[in-house]
Every structure is written in structure tokens, then in C-alpha cells.
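Everything on this sheet refers to the single structure shown next.
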Amino acid sequence: MSAPRLKLDQVGYSYGDLPVLENISMTVQPGEFVSILGPSGSGKSTLFRLLTGAITTDTGAIAFDGKPLSEAGRPFAFMPQRDALMPWRRILDNTTLGLEVQGIGRKQARERVSPLFAEFGLAGFEENYPAELSGGMRQRAALLRTVVQDKPMLLLDEPFGALDALTRAGMQRWLEAMWEKHRWTAMLVTHDVREAVHLSDRIYVLSPRPARVIREIEIDLPRPRGRDAATRALAAAIEADILETLLRPDPDHVDDAASHGSASS
Ligand SMILES: Nc1ncnc2c1ncn2[C@@H]1O[C@H](COP(=O)(O)OP(=O)(O)O)[C@@H](O)[C@H]1O
Ligand SMILES: [Mg+2]
């Protein structure tokens, strides 16, 4: 196996005295699509906040390409949980935002994003405002803004969480096809078992908060997935098995909500 791009080694984090992440170890290989699957409130977004540098680890270490994260020069393009398109900016100007934040001029940024509009199913909508687009199109615009930053690794936080089931299934197929073409190194956070199985090379399953890795599963199904009946049946069996893991009462899990007087959201 090649050296991992991303490596988390026994990472722990608490908000004050609320433990959220406990002893998290994981790796992502170059070109690999890895999902973090866990219940709502388990600490998935917190994990991404550690990666993007919004917060820093209490314990353990994070390395990117073998360097401590603090010396790795912001290697992630991050798509946040809410689509975060600015309602007053046209779609074209929304998709250039990440580049503009990097200090690239608006004209040059537009030249970089424009050719991607067709591939993202957004051609002809450059001058529209976010409110004029469907939910799926808005998420594709947010993803376009993320990938065009050309960073070594993508972080996607529940990118389809707000979509209806049918749109969501369509977006998963579309993202899988895009990933097959571009082979981004990617980490996806989700609470949707089917989504994780459909998209991932590997899945880490998290316990409820404080999150620990309770399972690691290699998804060795041919792509594209979900098209032929045999692959669908295999995927469904894996899904059912993972769901059992997520629903199984965890004897080691200490429910500390009472002692902190706060319920997880
Ligand atoms: N800024 C914060 N301060 C205090 N607690 C927080 C903060 N952000 C999240 N939490 C708590 O940490 C836990 C994990 O949150 P989060 O990482 O957002 O979970 P997930 O993304 O898996 O739904 C939750 O119980 C949440 O209430
Ligand atoms: Mg979250």
C-alpha cells in the first residue's frame, strides 16, 4: 500500500468538558473515496473542523502527505453541510468564491470555472441566482466551487442531506460518475448508509458521541454501482450489515449526556 495522503492518529477532541471525538485513527490513500458514517451529533462535522483548522486536536496527531497538518499548507477543499451559496451572488460568482478567497482575480477565476458548467449540469444558469435553481443544481454548484479550487483533497460534509430522496439518489449516481472520471482523493461525511456504500472505497463507522471508530469496511463492489441487479443485491446486503452495527447497543459506550446536561443535536 502506498503512503497515505491523510492520516489521523488517535485523535481526541472535546468542546469544553463535552468529549466528542475519542481515539480516532484513520487513513485516506491517494485517489481513494472514504466515507465517515455515523449518527447525527456523533462528531462528524467536528472531525472536518479539525482538518480545516477551525479547531485543533486535544490529543493525537493529523498528518497530510507525512507532514503535520499545521505545515501542510491547507490541503483541503471543503464543501460545508449547508450549501452556503450566497443568495445575492449569481451562480457564476458563487462558484468563483473559493478561488477568490485564494487571491485569484475574478476574471481569471471566471475563466477557470466557466468550462466546468456543462460537466456539472449548470450550463445556461451562470447568470441565475441560487433561489432560481433546484436543490440538486445548487448542490452541484457548491461542489463545482469546491473542486475548482484544485486542492489535493476534497472534504464533503453531508452534501446531499437537504435533498429529497429521488434527487439525492440521482446526485449520488452523478457524483460517482464524476469521481470515476476525476479520481479525487475525497472524504465524505454522512449518516446515510446507502450513500456511503454507493460511493465509497472504504467506510469508517463511528459510534454515537463521543465518536470512536467501531468498524472499518472495504467496499469492493464494481463501479458504477446500483445499475445492475447483482451489484445492487450485494450493496443491499452490505447496507443491512452496517445498519446492524449502527443499531447494536454498544456495551462500551458511556452515555454521558446526563452528566453534561446537554443532549446531542
Ligand atoms: N461549537 C460547539 N460547541 C459546543 N458543542 C458543539 C459545538 N459544535 C458541535 N457541538 C456538539 O458536538 C457534538 C458533535 O457535533 P457535530 O460534529 O456537529 O456532529 P455531526 O456532524 O456528527 O452531526 C454534538 O453533541 C454537538 O452538539
Ligand atoms: Mg454534521
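Side notes on the structure shown:
- From Ala131, Ala186, Ala141, residue being open to solvent by less than 30 Å² (accessible area, probe 1.4 Å) and closer than 16 Å to Met86 by Cα: Ala141
- Some residue of the stretch 154-162 being modelled with pLDDT of 95 or more and more than 16 Å from ligand 1 (Cβ to nearest atom): yes
- Every test in (1) away from ligand 2 (no atom under 16 Å from the Cβ); (2) under 11 Å from the mean Cα position of the chain (by Cα); (3) closer than 23 Å to Leu247 by Cα is passed by Arg194 save one, and that test is (2).
- Filter pass, Leu175 being at pLDDT below 95 and of a type in the set (A, V, I, L, M, F, W, C): yes
- Counting the residues of the stretch 110-152 that are of a type outside the set (Gly, Ala, Ser) and assigned to a loop (DSSP other than H, G, I, E, B) gives 15.
- Just one of the listed residues (Arg209, Arg194, Arg215, Arg225) is within 28 Å of Arg248 (Cα to Cα), assigned to a strand (DSSP E or B) and of a type in the set (D, E, K, R), namely Arg215.
- Condition met for Pro68 (more than 16 Å from ligand 2 (Cβ to nearest atom) and touching a Pro at 6+ places or on another chain (Cβ under 6 Å)): no
- In the stretch 144-162, the residues that are in contact with a Lys or Arg (Cβ under 9 Å, 6 or more places away or on another chain) and open to solvent by less than 30 Å² (accessible area, probe 1.4 Å): Val148, Met153, Asp157, Glu158, Phe160
- Scanning the stretch 14-52 for residues that are free of Cβ contacts under 8 Å to residues at least 40 places away in the same chain, open to solvent by less than 50 Å² (accessible area, probe 1.4 Å) and over 20 Å from Glu158 (Cβ atoms) yields one hit, Thr27.
- Helices (runs of 4 or more DSSP H) contained in the stretch 14-109 and holding at least 2 residues within 16 Å of ligand 1 (Cβ to nearest atom): 44-52
- Qualifying position, being within 25 Å of Gly41 (Cα to Cα) and in contact (Cβ under 8 Å) with a residue 24 or more places away in the chain, among Gly66, Gly60, Gly121, Gly98: Gly60
- Selection status of Arg90, modelled with pLDDT of 95 or more and outside the structural domain of Trp179 (by TED's automatic domain parsing): yes
The values are calculated or read from the model by the stated rules, or taken from the named source; none is laboratory data. Because the structure is a prediction, the values reported are computed rather than measured. Positions of Cβ are generated from backbone atoms using ideal geometry, with glycine treated the same way; all protein chains shown enter the neighbour counts. Heavy atoms of the whole protein, side chains included, go into the accessibility calculation; ligands, DNA and RNA do not. Shrake-Rupley method; radii C 1.70, N 1.55, O 1.52, S 1.80 Å.
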